[in-house]
Amino acid sequence: MEVLDALRAIVGDAHVLMGAEAEPALLDWRGRYRGRALALLRPETNAEVAALVSHCARQGIGIVPQGGNTGLNGGATPDASGAAVVLSLARLKRIRSVDAANDSIVVEAGCVLQDVQRAAQAAGRLFPLSLGSEGSCTIGGNLATNAGGTQVLRYGSMRELCLGLEVVTAQGEIWHGLRTLRKDNTGYDLRDIYIGSEGTLGIITAAALKLFPLPAARMTALLALDSIEAAVDLLARARADFGAALTGFELIAGDCLRAVTQTFPQLQAPLASATAALPWHVLIELSDSESEQHARARFEAVLGAASVEGLIKDAVIATSIAHSQALWHLRESIPLAEKAAGISIKHDIALPISAIAGFVRDTGAALQTSFLGVRVVVFGHLGDGNLHYNVARGADMDEAALLAREADINALVYERVHALGGSISAEHGIGQLKRELLPRYQDPVALSLMRQIKAALDPQGIMNPGKLL
Ligand code: FAD
Ligand code: ZN
């Protein structure tokens, strides 16, 4: 095929993949979407990306950008037409520079998040973005989805961590926007337009990111609580007492943690069996800039007082870095345990923190009444008002029966979220999963402005067709 010959001339024969070699790129992480593609392209430089995009633009070929393919909304999966190419950024993986004095790092889009964390650490700095998928997700995907994770409470999501971008536009030009400045008021903020755009406006090829001082010590504890109200009260207290040192506050339903230890028996249940049966757990983390001793004294004082007041029923405080990692590992294994149990209907919602306890109580009861046999899986970043509120099948329900009710389950959950002023996507984005839902829940004027931006930056509609809008 002539088109493929032209693409091969740009990246080399070995990097235009088809058939079985392209197969893994056509299936999403959850196994919910399988698409087809003309080819999987694997450029190595921004110039190659620009040449590929120029060629596709001339031919009117759709382009689906892909990083680590860990996204949870089908955004990196092509449609079934087979007319688009998947463009993987995986080979753009150089750390271009680290400037410790400026607290910044410039990396290419295909860098795996964990490699960027390590490069920062090697320079005596912290790159704080932290997700369960950090061993395979990429900086480009993190930016394109404005990824959040477990450190947002203190450091913000990917948008807050980005100083500058390098982008290949839908016309195949390169925007060199890799500034490492904290302040720059020279017109519209193009960086913020591309962040969170899910590959629908252009291709991010590199980014300048913020670094932070490494904390002197971290304290982690897993707590057992008897109500979600207690978790919300504890969050307010921890915020007041720890201030900016509070770096993690994850809510975990008791049955979520039990599912993890049942699915992965090599992981130990940390709490005594009596308190492990309590309905809610909190994973709390403090990062201290002084010393281990200082951190421990502060941590124990606050947790001790909260126990005396009855907010906390039991606590396991990590005694070493390995112990703390083991506690975090339990939290990060929840999506894997969920996946092992089959398909669930995922909702990554945000609500005002003050509305969360009521939402969880009332929505859980309504789901149980309207959809007999479902199981609600609740965990997430309580400190950010962001919950993973997933609906799975109970023991007596099969997957097909659950999926048959998906639209009704979504409607029940999202109408309640909407009524409380919440968001239907706090983390994973819209992709193809929520595209049809967006017009119901997004402001009509905002939607119209988004469509105008899309038309202005990608008038041919070749960037990630069928996603987001
Ligand atoms: P992909 O899945 O490859 O792509 C995601 C989207 O970005 C697609 O629309 C794609 O077209 C676009 N894209 C990718 N690269 C580029 C680029 N260079 N330029 C333009 N567009 C691009 N997400 C969170 O926010 N918080 C979490 O805590 C979290 N935990 C997770 C835990 C697990 C176990 C898993 C599997 C996923 C989790 N995710 C989480 C979701 C996912 O990891 C993030 O969305 C991540 O940012 C995606 O990165 P990726 O490189 O895998 O992107
Ligand atoms: Zn999350």
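The values are calculated or read from the model by the stated rules, or taken from the named source; none is laboratory data. Predicted, not measured: the structure shown is a model, and the values here were computed from it. No Cβ is skipped: glycine too gets one built from the backbone with ideal geometry, and neighbour counts run over all protein chains shown. Accessible surface areas use protein heavy atoms only, side chains included; no ligands, DNA or RNA. Shrake-Rupley method; radii C 1.70, N 1.55, O 1.52, S 1.80 Å.
Could you please report the charge total around residue 438, scoring K, R as +1 and D, E as -1 over all other residues with beta-carbon less than 12 angstrom from its beta-carbon? Result for the neighbourhood of residue 438: +2.
For the chain, the C-alpha radius of gyration divided by 2.2 N^0.38 Å, with N the number of residues, is 1.00. Residue separation of residue 183 and residue 36 scaled by 0.36 nm, minus their Cα-Cα distance, works out to 48.6 nm of gained length. Residue 427 sits among other residues whose Cβ lies under 11 Å from its own Cβ, and their net charge, with Lys and Arg +1 and Asp and Glu -1, is -1.
Bridges between two residues of the chain, per DSSP, are antiparallel at a rate of about 85%. Once the Cα atoms of helix 406-419 and of the chain are each reduced to a long axis, what angle between those two axes, in degrees from 0 to 90 to the nearest 10, is obtained? Between helix and principal axis, roughly 70 degrees.
Each Lys and Arg adds +1 at its Cβ and each Asp and Glu adds -1 at its Cβ; summed about the Cα centre, the range 143-256 shows a dipole of about 520 debye. Normalised size of the range 363-469, defined as Cα radius of gyration per 2.2 N^0.38 Å with N residues, equals 1.26. Comparing 135, 342, 7 along the charge dipole axis of the chain, the residue lying farthest to the positive side is 7, per the Cβ-charge model. For the range 211-325, the fraction of alpha-carbon pairs lying more than 18 Å apart is 49 percent, rounded to a whole number. For the peptides 142-148, 303-309, residues were scored by their other Cβ atoms within 10 Å and the scores averaged per peptide; the highest-first order is 142-148, 303-309. State the extension gain, in nm to one decimal, for the chain segment bounded by residue 13 and residue 1, taking 0.36 nm per residue of separation less the distance between their alpha-carbons. Full extension of this stretch gives 3.0 nm more. Placing +1 on the Cβ of every Lys and Arg and -1 on the Cβ of every Asp and Glu, with nothing else charged, gives the chain a dipole about its Cα centre of roughly 340 debye. Solvent-accessible surface of the chain, averaged per residue with a 1.4 angstrom probe and all protein chains in place: 42 square angstrom. Taken over the range 1-144, the ratio of Cα radius of gyration to 2.2 N^0.38 Å equals 1.11. Angle, helix 254-263 long axis vs. longest principal axis of the chain, Cα atoms, 0 to 90°, nearest 10? Tilt of helix 254-263: around 70 degrees.
Coordinate range of the alpha-carbon atoms in the range 142-229 per principal axis, descending: 55, 29, 21 Å.
Summing +1 for each Lys or Arg and -1 for each Asp or Glu among the other residues whose beta-carbon sits under 14 angstrom from that of residue 311 gives -3. The figure for residue 112 is an accessible area of roughly 30 square angstrom, using a 1.4 Å probe on the protein chains alone.
So, R0 is 30 Å and r is the distance between the beta-carbons of residue 121 and residue 290; what FRET efficiency does that work out to, to 0.05? Approximately 0.95, to the nearest 0.05. Per-atom-type breakdown for the chain gives carbon and sulfur 53% of the accessible area (1.4 Å probe, protein chains only). Counting 0.36 nm for each residue step from residue 239 to residue 136 and taking away their Cα separation leaves a gain of 33.9 nm.
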